[in-house]
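Any read-out appearing in this document is the output of simple, stated calculations on the displayed coordinates, not a laboratory observation. Predicted, not measured: the structure shown is a model, and the values here were computed from it. Methodologically, a virtual Cβ is constructed for each residue, glycine included, from the backbone with ideal geometry; neighbour enumeration extends over all protein chains shown.
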Number of protein chains: 4
Amino acid sequence: MTETAPRLRVAMVGYGFMGAAHSQGWRVAPRFFDLPAAPEMAVLVGRDATRVAEAAQKWGWAETSTDWREVLTRDDIDVIDIVTPGDSHAEIAIAALEAGKHVLCEKPLANTVAEAKAMADAATAAAERGVYAMVGFTYRRVPAATFARDLVAAGRIGEIRQVRAAYLQDWLIDPESPLTWRLKKDLAGSGSLGDIGAHAIDLAQYITGQKLTTVSGILETIVSERPLLESSQGLSGTASTERGAVTVDDLALFTGRFEGGFLGSFEATRFSTGRKNALRIEISGSAGAISFDLENLNSLQYYDATAPSTEQGFTTILVTEPEHPYISAWWPAGHMLGYEHGFSHQAKDFVEAIASGTQPRPSFADGLQVQEVLDAVETSSENGSAWTTV
Amino acid sequence: MTETAPRLRVAMVGYGFMGAAHSQGWRVAPRFFDLPAAPEMAVLVGRDATRVAEAAQKWGWAETSTDWREVLTRDDIDVIDIVTPGDSHAEIAIAALEAGKHVLCEKPLANTVAEAKAMADAATAAAERGVYAMVGFTYRRVPAATFARDLVAAGRIGEIRQVRAAYLQDWLIDPESPLTWRLKKDLAGSGSLGDIGAHAIDLAQYITGQKLTTVSGILETIVSERPLLESSQGLSGTASTERGAVTVDDLALFTGRFEGGFLGSFEATRFSTGRKNALRIEISGSAGAISFDLENLNSLQYYDATAPSTEQGFTTILVTEPEHPYISAWWPAGHMLGYEHGFSHQAKDFVEAIASGTQPRPSFADGLQVQEVLDAVETSSENGSAWTTV
Amino acid sequence: MTETAPRLRVAMVGYGFMGAAHSQGWRVAPRFFDLPAAPEMAVLVGRDATRVAEAAQKWGWAETSTDWREVLTRDDIDVIDIVTPGDSHAEIAIAALEAGKHVLCEKPLANTVAEAKAMADAATAAAERGVYAMVGFTYRRVPAATFARDLVAAGRIGEIRQVRAAYLQDWLIDPESPLTWRLKKDLAGSGSLGDIGAHAIDLAQYITGQKLTTVSGILETIVSERPLLESSQGLSGTASTERGAVTVDDLALFTGRFEGGFLGSFEATRFSTGRKNALRIEISGSAGAISFDLENLNSLQYYDATAPSTEQGFTTILVTEPEHPYISAWWPAGHMLGYEHGFSHQAKDFVEAIASGTQPRPSFADGLQVQEVLDAVETSSENGSAWTTV
Amino acid sequence: MTETAPRLRVAMVGYGFMGAAHSQGWRVAPRFFDLPAAPEMAVLVGRDATRVAEAAQKWGWAETSTDWREVLTRDDIDVIDIVTPGDSHAEIAIAALEAGKHVLCEKPLANTVAEAKAMADAATAAAERGVYAMVGFTYRRVPAATFARDLVAAGRIGEIRQVRAAYLQDWLIDPESPLTWRLKKDLAGSGSLGDIGAHAIDLAQYITGQKLTTVSGILETIVSERPLLESSQGLSGTASTERGAVTVDDLALFTGRFEGGFLGSFEATRFSTGRKNALRIEISGSAGAISFDLENLNSLQYYDATAPSTEQGFTTILVTEPEHPYISAWWPAGHMLGYEHGFSHQAKDFVEAIASGTQPRPSFADGLQVQEVLDAVETSSENGSAWTTV
């Protein structure tokens, strides 16, 4: 980053787990990548003045505000970064775009297709004015995932034959784990499907370069009642002796057909005992295959079916060479990246798109389409797994 | 095996790939296990006198015959081992049981549910006369799979939450691979579903100790036309310039609900590029998980969710200790078994059941039930993946 | 970090690869850890004013200087962080300590035992005045490595029986790779032994809690001549047609005996084709074993030899639980850390030690002892691998 | 095997663990491989008439004898297979060769270099008369190991740079494990070095195609006293309260230089907690690397350093394709082989060499050379790890 690069002043709305990750992205990206504009951590926005001040102090935001609408009126703010829960995304994002601010919005784009559609429309209108919106499917920017896409796009696995995608976690296996807001449909919108299944869908579509067109699936609530929280406010807390109903899915299983005609199987679960954060995708083609697991995020498995038969096998490529995506900015070969590096890559790509006046991806339209897939899976589940058009 | 053990004279009908495997089972089992009866490789039966003689010479069968009906009339034959294609299983097995011969029949039990049902009925009737029938789902007898069942049965993974089962192969990824009989429904009955999916179903039911009750799925033919064989007789051969339709499935994807209420996802495919013989099963429970892959058949992954949180993880258990199932007969710890050892274990278990007058498992009734699952999956696929009772 | 925490102003001398890593440590640590003092990236020091200004701009240092001696005289500087080549460590570190500055010095502590000894003496003297020095063996602070030490210290592997340690890289396998300063003994001091073998030694001693007492080994230069650089200044560059002698080791192999009496085997190599950054250590004990590989830095293999014989195996512990060392400050379970996180952990530990007035580890005395091991290995190699006391 | 193949009648001397493995080799090889001569399991020889009769019954040997000298006089015996302890190898093998019998002798060839030399001389003399001798380093015949040799011989890893070989077991980690004959030098000759280190040496020399010329190493007895057996006869048994000295090595560590000038590191241990039978070898070359572990015996890791930099990585080759060594005789791709298959491969290669009148490998001269390496390591250990010529 040169001293003469224009500044790009960011206000971030929200300060949960994703707030920490986005902050790290804005903080670190300009220290490793040579960006065409210099992002500044200008304002942190949240409703609780005390807590937002603590977060700003901890993460290094220059100012705070308790009123995002007021922040939108400021001339010295260029970007609104939205990391609030999904039910507030539409209102903030649309207002921000209309106020001429570029918008980075965490996934899922919204809790409903209707909201997501309004956001995508607002983003399309804004783009004509040179104001851009992007949704945060960060796992696309894990170098091994990006490189998988490159291999597929270059034809290195030939014609795609089938896809297997899964996002496996296990943080709900204890039936005495309490009924937090994430387990209530009115607040969370969705369970495993929207929370982590959305990532599997985006990644599968991104790497194959193709969209899902129809789906058949089932959503399942494995533990249907859990202890109520003593305090209904918090994200966690001591369990009460009373129980309440879990109203979101613990497990989502579905099959989808892609534009190219091939099938993919999908799974999203919070009950895969022992799997902590296993976003896995394997794509089989006529000339090869790729296999990725987020629990080994620095490597990609690649199978070259055109090699001599005695030498075929899955090659564990350490995606840490300078020629691999994003890597040359970081460390020498063999020095591993972690979870949060994707947020620096996201910041970099977003800044570059804005600076060059091009649409960053995944766009709000991309986010809407994922939302439509989620919606179609829910509809299919309600209709006995009938095939449902996205 | 002591010198005084009674003899158990076996006639095997058929001599393809499975014939080699069964022969090895009969040959080797008595050399390592202390059997209550001494199996003898008495008669090999096949239609082509020359070829059956060659096979008998190669594999060490004492006599040959071209007429299985004639063999059934012999007093000195105790066991009929059936390794012919599925469409002949019912006729031979039922006749053999009626002739008072114990029967070991390769999977799938039959090509149709009707035939399988007739066989199961015949087996039930025969059992009352002390004549026993067993179907050959050999993978139950890979020590790591047997041990997985033991762990589940002992409650070491707690209450089962979900199952993931897949059988992945890739031998059809070349679209110019010719149209052999295995790709024609009238001859093979089924494609990936019946050929390898049946193993995944049996193993999942065996390890969980529970049956599938309803299913929803889809069968897919990925390459719908292939070159005709110049000679339509052989299993392989040079391709012709003409093409014919593939009439079986290349890929089967389905979801099933088990008696206990939990869901399982299933996949059987011949298009999973780079996967040669990956029968995989993972079972997640409230207190742990087990994960098995036939491509690493000497080990089992076990996760103990009751361990201290800092020490939890999948443990790679080398299932080669003398205390593990079947192992004490073989080699010291760390000395690996292979594919064919399951056939020795099958021979051992079959001989022991006969000698003790108890029903060997999997019984024909077990085989019928798998056939019913396959049938339900086909029905579901024909009905837009509608949930179908087994 | 609270607003009232005292400031700790850092001046960093040097700005190579390690400069980037240390900068990231200082930048990020206070954003995740609640530190008792607030480190500030105050002054970056280097000889070339233009280049040091560029680095300071890129990495976010507030000021620059071309004269480290001048910086030592400033009252507003609390810490000197030394990331220059090894031949300048002693002079800067000793002067800094005498000037009352806390010192963090990259490994190796020095190029010679004499220099290292002088530094350790200076550090001992300074500590009496409450001024502390630490050497940067960062890999101790990879959470899986720290947790390995914890398991060993808690007796979870019993009595140690043997150690296997190796640091494997492959960046010199091309014999046409040019003769950089790292391959010349007068500049680099040592080859693979000092560069990466030192890490293996430190980690083995740290995890076992014991020092090496005697060693027997051999240093080997595998490619003895390489093309000269056109420009002898740079770290890399186009090769000339002339060749020069490689005067450091490419491969170091040695055996050492620890205080506890057990043996360890050590390897450091730049010729282990395909291994990029594989710092591996396995420690076998009477009750268990631990095995670590830096290429999978988020996990530790642990073998519990006290488990039932049928359930023993290496457990792959994902060292990302909140109860694991350093982890609670970062992300939820299953979200991976990378190479550079060790530098944040180093910054945290250093700041905490200073704030509490306790000696940070590894101390200069620890660094000296590693240097003495390296020296003993060189002596042994020169004496036909004779056992040499450290 | 055709009906007209000449018979090759085998007498096996000894009936311990290796007797079971050799029996399985002789039994199975002719059933899968098309051999030029038909081995017959004619006579099992042992001192204890009752026990040898039991073993013959169990393993399927036609006759028994308690006098190997008498067996040597029989015209109808073609091959003597020696699986007795090492101290009797020389006497039996030399007498057998002089009697015109082909000899297969288990490793180690002998307990002393002098005996091994006499055996190699006898073998050389016999070969001139068309009588052949082979020593049983069976692990060469694991298909993945054979294929590793093929890759190296074909130049696929370029010029060899270094070798890392280890044989890791853990069956002595319990200090209360009793003092069996294997732990007494007068009976066993050697400990971990001769028992398992010999395999690592043979495999390293076989795959590289080069011999070790000088070595430097150390032998270590980790647990120096163990409980005496109540009965001093058996291989195991209940421990007594008295203790005796372990007089062989538990751990051997050495470095060797090969003919080609490169170094190799070697380890043989019975104290590598959690490693059951891990014979590992990694060979690094200028153009690639191979890595093998007997605990994953059906696969080979191959690194192709000539691939594009973004696609390099270790490829896990499943060595089960019909084009791989030995495989076409067995099962379809992806169907695993086990420990004992090497003994069938050994029988096959031995029979083929005899039938074609060519020297089978490894010859007694090869076995002698391994013995000389072992001897040099012992000498080096006794001389403070001084480099010792083989």
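Each of C:Asp170, A:Asp76 was scored by other Cβ atoms within 10 Å of its Cβ. Arranged with the fewest first, they read A:Asp76, C:Asp170.
When only the Cβ of Lys, Arg, Asp and Glu is charged (+1, +1, -1, -1), the dipole of chain C relative to its Cα centre reaches about 320 debye.
Would you mind estimating how fast segment A:58-207 diffuses translationally, via Stokes-Einstein at 37 °C and 0.692 mPa s with the Kirkwood radius over Cα pairs, in µm²/s? Answer, rounded: 184 µm²/s. Working from label points 7 Å from Cα in the Cα-to-Cβ sense, the C:Ala38 to C:Thr389 distance is 5.3 nm.
Before anything else, pin down the relative contact order of segment C:104-169: Cα pairs under 8 Å, at least 6 apart, normalised by residue count, whole percent. For segment C:104-169, the relative contact order is 31 percent.
Annotation for A:Arg7 and B:Ala329: the two label points, set 7 Å from Cα along the Cα-Cβ direction, are 8.0 nm apart. Working from Cα pairs under 8 Å separated by at least six residues, relative contact order for chain D is 20 percent.
Counting only DSSP beta bridges with both residues in chain C, the antiparallel share comes to about 60 percent.
Which log10 I(q)/I(0) values, to two decimals, does the protein assembly as shown give at q = 0.06, 0.07 Å⁻¹ under the Debye formula with one point per Cα? Relative scattering, expressed as log10 I(q)/I(0), comes to -0.64, -0.88. With a Förster radius of 22 Å applied to the C-beta separation of C:Thr379 and D:Thr379, the computed FRET efficiency comes to 0.45. A Förster radius of 22 Å combined with the Cβ-Cβ distance from B:Ala287 to B:Arg361 puts the calculated FRET efficiency at roughly 0.25.
This ranking places C:Met119, A:Met41 by how few other beta-carbon atoms lie within 10 Å of each, fewest first, which gives A:Met41, C:Met119.
Remark: spin-label model distance D:Leu187-C:Glu352 equals 5.4 nm, labels positioned 7 Å along the Cα→Cβ axis. Normalised by residue number, the volume inside the convex hull of the Cα atoms of segment A:251-388 is 181 Å³ per residue. Go ahead and collect, in residue order, the members of segment A:145-162 whose backbone nitrogen is under 20 Å from a label point 7 Å along the Cα-Cβ direction of B:Glu225. In segment A:145-162, the label zone of B:Glu225 (backbone N under 20 Å from the point 7 Å along Cα→Cβ) covers A:159-161. Each stretch of four or more DSSP H residues adds -39500 (n - 2.57); spread over every residue of chain C, this sum gives -9500 deg cm²/dmol at 222 nm. Measuring from each Cβ of chain C to the axis that turns chain C onto chain D, the shortest distance belongs to C:Ser385, 3 (residue, then whole Å).
In segment D:7-139 the Cα-Cα distances spread across 10 Å bins starting at 0 as 13, 46, 35, 6 percent of all pairs. Size of chain C: Rg and Dmax of its alpha carbons, in Å, are 21.1, 66.
Of the GluC sites (Glu not before Pro) found in segment D:152-242, the ones in coil according to DSSP and having at most 10 other Cβ atoms within 10 Å of their Cβ are D:Glu176. Rounded to whole Å, give me the distance from the Cα center of segment B:62-135 to that of segment D:242-294. If you average the Cα positions of each part, the centres end up 53 Å apart. Put in line by how crowded their Cβ is, counting other Cβ atoms within 10 Å and starting with the fewest, D:Met336, A:Met134, D:Met18 read D:Met18, A:Met134, D:Met336. Count Lys and Arg as plus one, Asp and Glu as minus one, and take only other residues whose Cβ is under 12 Å from that of B:Glu382; the net charge is then -3.
Stokes-Einstein diffusion for segment C:144-299 at 37 °C, viscosity 0.692 mPa s, with a Kirkwood radius from C-alpha pairs, works out to 197 µm²/s. Distances from A:Glu382 to itself in the other copies, using label points 7 Å out along the Cα-Cβ axis, amount to 3.1, 8.2, 8.7 nm in increasing order.
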